[in-house]
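The values are calculated or read from the model by the stated rules, or taken from the named source; none is laboratory data. Since the structure is predicted, the reported quantities are computational estimates derived from the model, not experimental observations. Because the Cβ atoms are built from the backbone with ideal geometry, glycine has one as well, and the counts that use them run over all protein chains shown. We work out accessible area using only protein heavy atoms, side chains counted, and drop any ligands, DNA or RNA first. Shrake-Rupley method; radii C 1.70, N 1.55, O 1.52, S 1.80 Å.
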Amino acid sequence: METFKICKSFKFLITTSLFFMAFQSRAIPTEGHEFLISAPSHYAVETAQKIHKMGGNVVDVAVAAGLTLSVTTPYYAALGGGGFALVRMNNEVPMALDFREVAPLETSPTFYTSNKNRSSQDGGAAIGVPGNPMGLYELHKKYGKLRWKTLFGDALSLAESGFYVSGEWTAKTSGQEKRFNPAGKKYFFKDSKKFYLPGELFKQPQLAKALKLFRDQGPKGFYQGRVAKDLVSSIKSQGGVIRLEDLKKYKVRWLQPIKTKYLNYDVYLMPPPSSGGVVIAQALSMMEILNLHKKPYLSVDELHTLAEIEYRAFRSRALLGDPDFFKNPIEQLTNDKTLKKLAKGISPSKVRPLKPLIDTSDPSESTETTHFTVLDSKGNAVTLTTTLNGNYGSGVVSDRYGIALNNEMDDFTTRPGEPNMYGLVQGEANKVEPGKRPLSSMSPTLVLKDGKTVLALGAPGGPRIISGVLQVLYRVIGREMDIDRAVQAPRLHHQFLPNTLYVDEESLPPLLIRALEKKGHKVEPGWMAKVYAVQRSGEGLLKAAFDHRGEGAAGGY
Ligand code: GLY
């Protein structure tokens, strides 16, 4: 039976010309026995189903879904971004693909401090060399079954003939009026002024031309030739320094995932330049040492211990950087002795503060990343997170082809001592260097039991990705919860600094919050990451879940 379910949640600010609308419904699990996808948009699910029916494997499905999302959700999945994927095919050991953006050749550790006009968040200087097109191409080259050109069908027709914009699309786009360069306004607003309302048809014929070049010429169609020239001149006109040589030199990397054990499950995590793998591995070990899963569910004891575990695990994030430029102290951070000492330092009665490893200060966070997960009954899996970093990245859109470009440079230590848009002040390991990738929180994750893939998941949400993925892993493995219940369950987020415990708004009773405050936590309501997950039982039955905290869809058969 074909299943297809959609959940939407959108909010608009009331302004003089706008009214406020809100709609939210609860996510329902989707089940199947051949393949399932959990994704941020029903367009990606429709593409996935078509490609699978044509004989595509999970990699074909993921690449085609990624292309579709680059058209329908440009604010976080445009070709001008980058990302990570964990892949498992044919029962082989899972591999990690790093297609993150890299710093342009003309940058240096003082690129931002030496010139006050350069911003790592807005405009051309914020842009890293995009990785998404090469990442999708590499995935297909290594594992794809269908012809490359076949994967573009939906993306091209959605760009040419248009698609109906969602509430999320309008909410993300309407606020960009002041940030967009002229091309952004031209392509994403009606008559450069009014924005599209949910349900209105939106076409991108200029993007379709770039997609055709990519389809017909492969990476050369994006990283060289007309599209590359358009990117370089658009970025230059907005104060950026990416040259044709940067684009031509761009390469992806296959990396060994970090592998950890949690209660007899093998958990495969994204290694640096993601910080997610190290932080999650530390936290899962502390959970096991302290038998967190045996504490009463949603008790003060459980939540206090969870918060203290996150606090400790996030502390080490500041020590990480791109492995090609820096030897990450992964062994020191994840060995048994270190983790036992950290775990035993947690007091059941009160918060025990630790000294920061580096200075930091207050956050202002963003949710502009996205994720989708594909899993089939044989255990083949792609779990892929992609991002432009901020909403529409840098706000720069290429003049000729309308490609939205990232502001991933803000994930570097751009101005030592100052927080980035996620409130993370980072270390020397993550300083700007030409050709380097910035530290990330993106955490696509795979779980195996006795050699079989049993869970694939990931999320958008900056550092909240890490706490989101961690808590779903803990609840599915440790508490044996159904995947949908685990995804929707109330969450906490603590990223060490600021020393604040963020709790899921409206889902924890005030008495519980007061009890946490009594233990010394500074509690504030906060948003949480949106998790997209697919689970597989021993018999190969599949169940997908997406987070009711935002738009999503799941489907398959
Ligand atoms: N740009 C957000 C991240 O990579 O964590």
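Mind counting the residues in region 482-520 that are part of a loop (DSSP other than H, G, I, E, B) and open to solvent by less than 10 Å² (accessible area, probe 1.4 Å)?
Number satisfying all stated conditions: 5.
Could you check Gly462 against (1) within 16 Å of the ligand (Cβ to nearest atom); (2) open to solvent by less than 20 Å² (accessible area, probe 1.4 Å); (3) touching an Asp or Glu at 6+ places or on another chain (Cβ under 7 Å); (4) at pLDDT 95 or above and say which number it fails?
Going through the list (1) within 16 Å of the ligand (Cβ to nearest atom); (2) open to solvent by less than 20 Å² (accessible area, probe 1.4 Å); (3) touching an Asp or Glu at 6+ places or on another chain (Cβ under 7 Å); (4) at pLDDT 95 or above, Gly462 breaks only (4).
Let me spell it out: the conditions are (1) in a loop (DSSP other than H, G, I, E, B); (2) more than 30 Å from Gly435 (Cα to Cα); (3) in contact with a Lys or Arg (Cβ under 7 Å, 6 or more places away or on another chain), and Ser347 meets all of them except one. Which number is the exception?
(3)
Tell me, which residue of region 392-413 that is among the small types (Gly, Ala, Ser) and touching a helix residue (DSSP H, G or I) at 6+ places or on another chain (Cβ under 7 Å) is farthest from the ligand (Cβ to nearest atom)?
Checking each candidate, the answer is Gly402.
Which of the residues that make up region 251-279 are away from the ligand (no atom under 16 Å from the Cβ) and open to solvent by less than 10 Å² (accessible area, probe 1.4 Å)?
Tyr262, Val267
List every residue pair whose Cβ atoms lie under 6 Å apart, where the two residues are 6 or more positions apart in sequence or sit on different chains, the first residue falls within region 368-380 and is farther than 24 Å from Glu551 by Cβ, and the second residue, located anywhere, is in a loop (DSSP other than H, G, I, E, B) and more than 16 Å from the ligand (Cβ to nearest atom).
Here the result reads Ser377/His33; Ser377/Glu34; Ser377/Gly540; Asn380/Met89, each pair linking region 368-380 to a residue that is in a loop (DSSP other than H, G, I, E, B) and more than 16 Å from the ligand (Cβ to nearest atom).
Only one residue in Arg437, Arg475 is within 12 Å of the ligand (Cβ to nearest atom) and not small (Gly, Ala, Ser), so which one is that?
When all the criteria are applied, what remains is Arg437.
Can you pull out every residue in region 92-102 that is more than 14 Å from Leu139 (Cβ to Cβ) and away from the ligand (no atom under 14 Å from the Cβ)?
Matches in region 92-102: Glu92, Val93.
Among the residues of region 350-371, is there at least one that is at pLDDT 95 or above, of a type outside the set (Ser, Thr, Tyr), within 16 Å of the ligand (Cβ to nearest atom) and open to solvent by less than 20 Å² (accessible area, probe 1.4 Å)?
yes
Among the residues of region 249-278, which ones are of a type in the set (A, V, I, L, M), within 16 Å of Leu439 (Cα to Cα) and in a loop (DSSP other than H, G, I, E, B)?
Within region 249-278, Val252, Met270 qualify.
Being open to solvent by less than 10 Å² (accessible area, probe 1.4 Å), closer than 18 Å to Val382 by Cβ and modelled with pLDDT of 95 or more narrows it down to one of Val447, Val454, so name that one.
Val447
Being at pLDDT below 95 and surrounded by 24 or more Cβ atoms within 10 Å (Cβ to Cβ) narrows it down to one residue among Thr30, Thr72, Thr15; which is it?
Exactly one residue qualifies, and that residue is Thr30.
Looking at Tyr112 and the list (1) open to solvent by 10 Å² or more (accessible area, probe 1.4 Å); (2) of a type outside the set (A, V, I, L, M); (3) away from the ligand (no atom under 14 Å from the Cβ), which single condition is not satisfied?
That leaves (1) as the condition not met.
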